[in-house]
Amino acid sequence: MGAAAVFLPADPPRGGRWADHRMVINGIFFRTRTGCPWRDLPEGFGNWKTVYNRHRRWSGDGTWQEILDGLRAGCDEAEGKDWGLSADSTVVRAHQHAAGAPGPARGPGHGGRR
């Protein structure tokens, strides 16, 4: 798990062991990246309900924030606490009907084809 492993919670004192953190976190990242419904997660990430429950639990109890804060600690000192996370949003997906196919003519002034 690398640097993040230090910040991950241990198995709960009661009940069984948690599923592998790496597999579950990869499932959470996959779902976030693709936007697929939880039930459509590929089986390689384990049971979708396990991935969903872990994400929900860690979002509610502050575990994700602790992981981010811990990883932030090694960032450039010049940035200090103002350091932030940036996500690339250059990929934009359009609906299949927006792919340039000719549509119905709407008449003059509406930009339709003649």
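Please find, within the range 18-35, the residue that is surrounded by the most Cβ atoms within 10 Å (Cβ to Cβ) out of those that are within 10 Å of the chain's Cα centre (by Cα) and over 13 Å from HIS55 (Cα atoms).
For the range 18-35, the residue satisfying everything is THR34.
A single member of GLY60, GLY74 is surrounded by fewer than 10 Cβ atoms within 10 Å (Cβ to Cβ), touching a helix residue (DSSP H, G or I) at 6+ places or on another chain (Cβ under 8 Å) and either modelled with pLDDT of 70 or more or not β-branched (Val, Ile, Thr) (or both), and it is GLY74.
The values are calculated or read from the model by the stated rules, or taken from the named source; none is laboratory data. Quantities reported herein were computed from a predicted structural model and do not represent experimental measurements. Backbone-built Cβ (ideal geometry, glycine too); neighbour counts: all protein chains shown.
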